[in-house]
Amino acid sequence: MEMVTRMVADRPVVIFSRSTCCMSHTIKTLISGFGANPTVYELDEIQNGQKVERELHKMGCKPSVPVVFIAQQLIGGPNEVMTLQVKNQLSPLLIRAGAIWI
């Protein structure tokens, strides 16, 4: 988990993704639609991507992508992100993290 912790440090929004995953694309589009500029790690394109994916899996992320961190806190996968959106709680989280200004 040390590698993941370093990767999300000091970043308001981090998305672990796969370039070929349609759910990853959907989550990136949703968060970017608020005006946020998330740090995106495409695990199929970065060095040590498989190791990062194993760490995410150990953290309880199943499936391992997409996974979203906001303000260095694990939010979860698409189900958790979409639940926050439906409950109108995603935007306030992004604002508190300094990812967007409204």
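Each value in this text was obtained by applying a stated rule to the coordinates, not by laboratory testing. Only a predicted model underlies this, so the values are computations on that prediction, with no experimental measurement involved. Cβ: placed from backbone, ideal geometry, glycine included. Neighbour counts: every protein chain shown.
Centroid-to-centroid, using Cα positions, the stretch 1-65 and the stretch 66-95 are 13 Å apart. Remark: relative contact order (the chain) = 33 percent; criterion is Cα-Cα distance under 8 angstrom and separation of 6 or more residues. Seen from all directions on average, the stretch 1-48 presents a Cα convex hull projection of 3.6 nm². For the chain, the Kirkwood hydrodynamic radius comes to 13.4 Å, computed from all pairs of different C-alpha atoms. At R0 = 22 Å, how high is the FRET efficiency between Met59 and Ser91 if r is their beta carbon distance? Nearest 0.05 is fine. For R0 = 22 Å, the calculated efficiency reads 0.30.
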